[in-house]
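In what follows, a structure is listed as structure tokens, so that the remarks can point back to it.
The values are calculated or read from the model by the stated rules, or taken from the named source; none is laboratory data. Source: prediction; values computed, not measured. Positions of Cβ are generated from backbone atoms using ideal geometry, with glycine treated the same way; all protein chains shown enter the neighbour counts. The area values use the complete protein model at the heavy-atom level, side chains included, leaving out ligands, DNA and RNA. Shrake-Rupley method; radii C 1.70, N 1.55, O 1.52, S 1.80 Å.
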Protein chains: 2
Amino acid sequence: MGNNYNYECPHPVAIPPAKPFIESIKSGIEETLFPDDPFRQFKNQPASRKLILGLQYFVPVLEWAPRYTFEFFKADLIAGITIASLAVPQGISYASLANLPPIIGLYSSFVPPLVYAMLGSSKDLAVGTVAVASLLIASMLGKEVNPNENPKLYLQLALTATFFAGIFQAALGFLRLGFIVDFLSHATIVGFMGGAATVVCLQQLKGILGGDGKVVSWAVVFSSSSFSQDTLARESQASFWISAMAPLTSVVVASVLVYLTRAEQDGIQIIGQLKKGLNPPSVSELAFGSPHLMAAVKTGIITGVIALAEGVAVGRSFSMFKNYHIDGNKGDDCFRDDEYCRLLHLLLSDHRTIFANCVVLSSIIIAAMLGLIDYEAAIGLWKVDKCDFIVCISSYIGVVFGSVEIGLVIAVAISLLRMLMSVARPRTFLLGNIPNSMIYRSIDQYPIADNVPGVLILQIDAPLYFANANYLRERISRWIYEEEEKLKSTGGSSLQYVILDLSAVGSIDTSGISMLEEVKKNIDRRDLRLVLANPRSEVIKKLEKSKFMESIGREWIYLTVGEAVAACNFMLHTSKSNNPVTDTGEFDAHDNV
Amino acid sequence: MGNNYNYECPHPVAIPPAKPFIESIKSGIEETLFPDDPFRQFKNQPASRKLILGLQYFVPVLEWAPRYTFEFFKADLIAGITIASLAVPQGISYASLANLPPIIGLYSSFVPPLVYAMLGSSKDLAVGTVAVASLLIASMLGKEVNPNENPKLYLQLALTATFFAGIFQAALGFLRLGFIVDFLSHATIVGFMGGAATVVCLQQLKGILGGDGKVVSWAVVFSSSSFSQDTLARESQASFWISAMAPLTSVVVASVLVYLTRAEQDGIQIIGQLKKGLNPPSVSELAFGSPHLMAAVKTGIITGVIALAEGVAVGRSFSMFKNYHIDGNKGDDCFRDDEYCRLLHLLLSDHRTIFANCVVLSSIIIAAMLGLIDYEAAIGLWKVDKCDFIVCISSYIGVVFGSVEIGLVIAVAISLLRMLMSVARPRTFLLGNIPNSMIYRSIDQYPIADNVPGVLILQIDAPLYFANANYLRERISRWIYEEEEKLKSTGGSSLQYVILDLSAVGSIDTSGISMLEEVKKNIDRRDLRLVLANPRSEVIKKLEKSKFMESIGREWIYLTVGEAVAACNFMLHTSKSNNPVTDTGEFDAHDNV
């Protein structure tokens, strides 16, 4: 049964010209690493302009400094004062979370922002001390060195770790590999943060309950007050000034209270006196020679990735209100916005800072951590996507009962497995005709769609790769078997054509091609005819190179399922009444994909 | 700009009813592990029949024994005699390849086929001694124990390894996990085999060149003769009897030659006398207590997987001529065929056997190995699919310069990475209208396709997952940016609508949904309108659950790009001339996917 009736295919399938190997490689790399085309503003500019743009690209301060007005300065001043009053105690508390001396926390709460102000481009990235990073340092280095027995070595390792975290992040940005944080899905991060927070809470609770009653009460007082302010602040932008004032006030109140009640004598920890002058640079402290170097490097890299992922996630969750987007490489934002963003954002997204001025470290940490356990997000995941929920929960459980690495590995592994399975076990759909149209859609989704007598239409839902070739061969032959059984039982007209809709098949490899060859042989053996619909450019190119095109015959490849079915029906009728019909007008304009 | 003109969508997008969680899990598992629906023949059968079918399923001999005729027996007798004359020396030579005593090779060349005859179902699976498996045993156990210094322990470990290989393969079959061999793509196996073969050749060459001249000459003689027979045998099915007779003849000739020339005195190894009686069962030899147990287990598992993959690959490469297919779980075949298959197959696919009767072990092995280096396949890979070629070459290099594990890991890693990248960096296509139709296709593939003024039509080519959410947001906003730039420069009509064609988006996760939300906000900010075309059932379900449906508005989701464009044009015109047009007849029957 050949296509020997002069039926004209209304819209032939095009085979795009094969690109040179090098060129396709180049475009592939561009598409993969530079989706945002970061250098588009450099295109066809004079060299001098290019230089300026280049400097601005790497040192954004040069870009916005000229446009910096007194209005901006006023806003930033208030923001700065407020944040300082928040960041200082937060720094101290997170330093203790990382088992490091308070002074370290103080420095890390104002040095990084200074640097970021020069080099950073995003007004949404919260720079400073981060609870999870501190926790990671403590838990990972704590295994190597006991911070209480050997504080000096521990400090050196911590500094080394942060050094490598920086190197690693810089490398990611420079190599445009920021996208690896994409592999930490939102679900993973929610679960991970929650898990980390739970661990810290349990640790700290032990501490508090071990201590005397006062500490607990203090904790309660500050937490509650803080949460009320917090919710207040979340209400709306209207309550902006309240939340901006609240921390300043409570700084003062708390300090006075502690001073009057001599709380330190009742076992409340206070920071005490700090030595004057600037800390000496810590370069000399980097312990490259230490036997624990590898542990430090590992800690640095994991901390770097997590901190980056958290920063990007938090930043994005805020930027979603304002149509920013941040990329892991630089924190680039595509739309400008007013200077209040950063302040408001710190108050809203980062609400642990609101009561960071409480001197009872445990309660700060606990309250902060509780803020990290985002159970609403988890519930949302369950409602919308069960698999994401599983990822979230397993990363939570992994962190709580295992370790941070285990939690991460499990979550990422599950996420990747799901992605792999979507390719390795693609779904195949039986298509039917939507009444009063020549559109063909899955019968599962559109129960109104009708079968076409004598024609089996299957849609394949993934690229044809080695991992799904065997599966698809099995599945397709089962579809055919079942269809023929059904037709036998119902006594319908026998099966004549099998149409494979390749609309969703983006690409194919050699295993996929030999799968198609086997499917064709199988179909030929049953005296059926294989017809392909809408092969995409990658697919049609390879089908041609591999000579499969010849074996199936170009006349059996159609642009749309509609045209394929029209052709099949044409053949069915002409093969019944053996006078070839030449008028194909009925197919040209009305046909569909 | 809302859909406030009474434009009727000709074909609404259906939202399939949500399945219960458990049910969807169940069907998911069935689709994943039982694509061939192995138990379909059990359906609605009486219990007694079910029992029989069940027995036949696990012990296929029960199925074919009743149908076994004298004709079959005659054919099998000839096949058996021929294969025996090939298998015995092959067994000995591969035993030496695995550094095991010859007797082991003799047993392993007839015991496994006996077992498989009872339990196996495929007539295409070559059962017996396999060069690569022997090589793996030698190379992996050789690291642990030196077979020359400590032969007893080495033998015990080898037996233990094979034991675990068996357990592992059985487990794979029982758990329906045979599909893991799918992850060893054809390209991987080609490269792996070639690499393994190269390693052995180099080892053996050292041996030969170390030995005296005669050995080499012998080697040459037998290799050349064998290759001539071999090519002869490959010519066609006509030369079947020639190739069937050849080995028998050369067994006799070679043995006579060796006997007459007293070749053993000239340093040619001969097997010598074998001790009478059956070997005692080796159960007692299993070294579970040995400190090297883990090495044995590892060797067993890797050997098991590779042997399975090779067996399936070789079997399939042959069954492709005859429309069999073999699955890794059992070696099930869907079509019957004549009994000559197995014999012919062993002669064609397994041409090392043709001259296995040469007693110069090195030359047997080398010639056999040379047959494993399938450079033609590698060239074919390069022609059709560069990436598969890279996989093949890297697995080759990994095996030759690293180790078998390294080779495998690299190849599988690259293959999986490619699959992941197809999801993590999906391609986005600009669609245009195919002239004289309402079909929309990629402009890259169909240069004749025309842009639709005021409408940007993008096609996304993968499920929307966490791994590509950021990438796609970037890429889409860049498409919009570039389109607007182009329109500005050409002074064309300004952009009004962005249509996302989701035909190829099989599923979506929560990250994908928030990506769509961000894209919509971005588009709204530019006073454009986001329109979705052909969301599939998984996608539309989740869009509804996540309330994105409401935010975009159901009236902006269309069944086909054609209908979406029609609606956009309708809006454009009515919004220009502000009298709503109610006649939508022009859209109903002509619309497209």
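One residue stands out among those in region B:130-180 that are open to solvent by less than 30 Å² (accessible area, probe 1.4 Å) and hydroxyl-bearing (Ser, Thr, Tyr): the one that is nearest to B:ALA196 (Cα to Cα), which is B:SER134.
Entry remark, region B:174-225: residues being modelled with pLDDT under 50 and part of a helix (DSSP H, G or I) number 13 in total. Please work out if A:ASN329 is modelled with pLDDT under 50, more than 19 Å from B:LYS520 (Cα to Cα) and in contact with a helix residue (DSSP H, G or I) (Cβ under 7 Å, 6 or more places away or on another chain). Here the answer is yes, as A:ASN329 does meet what is asked. Quick one: is A:VAL88 under 30 Å from B:VAL384 (Cβ atoms) and either open to solvent by less than 60 Å² (accessible area, probe 1.4 Å) or among the aliphatic types (A, V, I, L, M) (or both)? No; evaluated as a whole, the condition is false for this residue. The residue that is least open to solvent (accessible area, probe 1.4 Å), among those in region B:417-452 that are facing chain A (nearest Cβ under 7 Å) and among the charged types (D, E, K, R), is B:ARG425. Contact map, region A:372-387: residues that are closer than 15 Å to B:GLY512 by Cβ and within 13 Å of another protein chain (Cβ to nearest Cβ) paired with residues that are among the charged types (D, E, K, R) and not in a helix (DSSP H, G or I), Cβ distance under 8 Å, separation 6+ or inter-chain. Pairs shown: A:ASP385/B:ASP509; A:CYS387/B:ASP509.
Inspection of region B:403-413 finds a residue satisfying the criterion of being assigned to a loop (DSSP other than H, G, I, E, B), closer than 29 Å to B:ALA187 by Cα and away from chain A (no Cβ under 11 Å). From the residues in region B:398-409 that are surrounded by fewer than 20 Cβ atoms within 10 Å (Cβ to Cβ) and of a type outside the set (Ser, Thr, Tyr), which one is nearest to A:GLU538 (Cα to Cα)? My answer is B:VAL409.
Quick check on region B:453-462: of everything there that is more than 9 Å from every other protein chain (Cβ to nearest Cβ) and within 18 Å of A:ARG536 (Cα to Cα), which residue is surrounded by the fewest Cβ atoms within 10 Å (Cβ to Cβ)?
Step one: of region B:453-462, the residues more than 9 Å from every other protein chain (Cβ to nearest Cβ) are B:453-460.
Still in the running and within 18 Å of A:ARG536 (Cα to Cα): B:457-460.
Working: B:ILE457: 27, B:LEU458: 20, B:GLN459: 26, B:ILE460: 22.
Among those that are more than 9 Å from every other protein chain (Cβ to nearest Cβ) and within 18 Å of A:ARG536 (Cα to Cα), it is B:LEU458.
The set of residues in region A:463-485 that are more than 7 Å from every other protein chain (Cβ to nearest Cβ) and surrounded by fewer than 21 Cβ atoms within 10 Å (Cβ to Cβ) comprises A:TRP479, A:ILE480, A:TYR481, A:GLU482, A:GLU483, A:GLU484, A:GLU485. For region B:383-393, the candidate set comprises residues that are crowded, with 22+ Cβ neighbours inside 10 Å and modelled with pLDDT of 90 or more; within that set, the residue that is farthest from B:PHE192 (Cα to Cα) is B:ASP388. All conditions but one from (1) touching a helix residue (DSSP H, G or I) at 6+ places or on another chain (Cβ under 7 Å); (2) open to solvent by 50 Å² or more (accessible area, probe 1.4 Å); (3) over 30 Å from B:GLU30 (Cβ atoms) apply to B:LEU114; the one that does not is (1). Given the conditions (1) over 21 Å from A:PRO16 (Cβ atoms); (2) at pLDDT 90 or above; (3) at the interface with chain A (Cβ under 9 Å from one of its Cβ atoms), which single one is not true for B:ILE397? Unmet condition: (3).
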